[in-house]
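Worksheet: the structure to be examined is printed underneath.
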């Protein structure tokens, strides 16, 4: 056997043997997104009654981990998530999950400065002939966690696609303490959301802002899918991709010949990303595909690096925007429902890019849990809401009623612009509220006359 094969044989271990080494008070990094280390999770759950105060970090879990299900009162494990998924939200409502606030590009630096792990669990492809385990779909903060792990455990999953770098997309056997053979379960699929009519209308307002040679960041959800579909049908050309997330719509754009990367200034001709999540079609498409480059998130999401590309075009969603132009994208009042993620990173990077545009796109209304229709454009954010984008950062906001640019505008100009793209049934009340808050042009004139008269 070669040297790496000998080392691999020496480090092979069962999941139960790894779990037996965990002691109360340990801190564990559990993996990211669709890459749940299944065997290690199950082995950890089997030890639930023997452990206390074990702190586990994950990123946007897509299934309920077995160790959490085995501890319904959070008496043994404390689970913290760097970005909330629907699963995380539900767990948080039951007191089983807490959020770790961050701006995504700072994640690796935060780990290196302030976190340490007794165990780092990583899902990866089988070791290649050079001794490397490829992380597959997720780069993100995994490589940073490995640098701060006292014990690094790789759970092998042959179902993972082989995703080329980029940088730090793999770990060598020499940096691994144990290798666990997983069940090679197929990777969870996330099917694209079908765009609604409202999302298509929003997309039509956004499309004129995209130019030939633009470098796109499109995330998850109906609106990015609507925009992707519109781009595929357009005459736009020579587009590039520099994104945190890969989704299925990227395939359609690539197959339509829209993506060349020719205009990019960094990673020219490459589709740069930090994690992928979609259907098996996406996983098969990026497997061994040299057009794609996987990077840690401190590269893909660093606003300074994003801005090196010209015409960066970033589209992100929001829960609500107030008349001061503050954007809340991660909480409903004090209830955490998502996370800052890369929204702040890409809005900053897009504005700093030559010809770049950062857009917040959202429907003008939503229906609450009681069946009441409410405006997403509000006088002030509801009490307890987290400000994801401060008003000084916001550039464009779009709804199905139009798109407005807010940089350089006064408070009353912002209020006026946002009211103009609110749903018509709420505009009169928004004007009244703006007058009360003294950010409406008419209110300013009235106040000025009163002051002069006195």
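No value in this document is a laboratory result; all are computed from the given coordinates. The structure displayed is predicted, hence computed values, not measured ones. Here the Cβ positions follow ideal geometry from the backbone for every residue, glycine too, while neighbour counts run over all protein chains shown.
Rounded, prolate or oblate: which fits region 198-295, taking a ≥ b ≥ c as square roots of the Cα gyration tensor eigenvalues, rounded meaning a/c under 1.5, else prolate when a/b beats b/c? Oblate. Rounded to the nearest 10 degrees, the angle from helix 424-436 to the longest Cα principal axis of the chain is 80 degrees. As a proxy for reagent exposure, ranking 295, 99 by other Cβ atoms within 10 Å from fewest up yields 99, 295. Neighbour counts of other Cβ atoms within 10 Å put 88, 328 in the fewest-to-most order 328, 88. Between residue 392 and residue 90, the FRET efficiency estimated from the beta carbon spacing at R0 = 35 angstrom works out to 0.55. In this rough spin-label picture, where each label sits 7 Å from Cα along the Cβ direction, the residue 354-residue 184 distance is 5.0 nm. Based on DSSP H segments of at least four residues, each scored -39500 (n - 2.57), the chain has a per-residue ellipticity at 222 nm of -8000 deg cm²/dmol.
Using alpha carbons only, how many angstrom separate the centre of region 1-76 from the centre of region 338-415? Distance between centres, Cα-based: 39 Å. Here the relative contact order of the chain, from alpha carbon pairs under 8 Å that lie six or more residues apart, stands at 13 percent. Going by neighbour counts of Cβ atoms within 10 Å, the residues 39, 325 line up, fewest first, as 39, 325.
If you take the Cα centroid of region 103-166 and the Cα centroid of region 171-238, the two points sit 22 Å apart. Each listed q (0.06, 0.12, 0.14 Å⁻¹) maps to a log10 I(q)/I(0) for the chain, found by the Debye formula over equal Cα scatterers with no solvent: -0.29, -1.02, -1.30.
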